[in-house]
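The values are calculated or read from the model by the stated rules, or taken from the named source; none is laboratory data. All figures in this text were calculated on a predicted structure; none of them were measured in a lab. A quick note on method: Cβ atoms are made from the backbone with ideal geometry, for glycine too, and the neighbour counts reach across all protein chains shown. We work out accessible area using only protein heavy atoms, side chains counted, and drop any ligands, DNA or RNA first. Shrake-Rupley method; radii C 1.70, N 1.55, O 1.52, S 1.80 Å.
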Amino acid sequence: MRIIAVRTLREFWESHADAEQPLKAWFKEATDTRWNEPNEIKQRFPSADILPENRVVFNIKGNTYRLIVKIHYNTGIVFIRFVGTHAEYDKIDAASI
């Protein structure tokens, strides 16, 4: 998969150092694979939440952080929509961000 806005991840881990390795691990796994449908994501990331509009919520660092992406399965592009703490996540609408 091709990840758009890797800078968003980098900026986040620069202010949350404990998120750096988990986000890098997620990034490596995402770029080394090709997801064709949500079930493939759930097989590898059982705790991921599949939302409408091809959005997926990943738990990062044991659910300390949340990562929301929008996936264009046909082109293999993953757009970073949000990365934040669990408390920040609770204040947004994950289905529309």
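Using modelled backbone amide H atoms (1.01 Å from N, in-plane), which distant-in-sequence or interchain residues come within less than 5 Å of Leu51's amide H?
Residues meeting the criterion, in which the H sits 1.01 Å from N, are Val56, Val57.
Taking 0.36 nm per intervening residue step and subtracting the Cα-Cα distance, what contour gain separates Glu37 from Glu53 on full extension?
Contour length minus the Cα-Cα distance gives 4.5 nm.
Explain nothing, just the number: relative contact order of the chain, from Cα pairs under 8 Å at least 6 residues apart, as a whole percent.
28
By how many degrees, 0 to 90 and rounded to 10, does the Cα axis of helix 6-15 deviate from the longest principal axis of the chain?
20
Keeping all protein chains in place, calculate the accessible area per residue for the stretch 1-62 (probe 1.4 angstrom), answer in Å².
Averaged over the residues of the stretch 1-62, the accessible area is 60 Å².
Given labels modelled 7 Å from the Cα in the Cβ direction, how far is it in nm from Asn63 to Ala5?
The answer from the label model is 2.5 nm.
Are there trypsin sites (Lys or Arg not before Pro) in the chain that DSSP marks as loop and that have at most 12 other Cβ atoms within 10 Å, and which are they?
Arg34, Lys91
To the nearest 10 degrees, how steep is helix 20-31 against the longest Cα principal axis of the chain, on a 0 to 90 scale?
Helix 20-31 and the main axis of the chain meet at about 10 degrees.
About its Cα centre, what dipole magnitude does the stretch 48-97 give when the only charges are +1 on Lys and Arg Cβ and -1 on Asp and Glu Cβ, stated in debye to the nearest 20?
The dipole magnitude comes to about 140 debye.
Please turn the phi angles of the stretch 42-47 into ³J(HN,Hα) values with the Karplus equation 6.51 cos²θ - 1.76 cosθ + 1.60 (θ = phi - 60°), one per residue in order, whole Hz, x for glycine and proline.
Karplus values, whole Hz, x for Gly and Pro: 4, 5, 8, 10, x, 7.
Which label marks the calculated value of volume of the Cα convex hull per residue in Å³, given the options (1) 86; (2) 131; (3) 96?
Computed from the coordinates, volume of the Cα convex hull per residue in Å³ corresponds to (1).
Carbon and sulfur atoms: what percent of the 1.4 Å accessible area of the chain do they account for?
47
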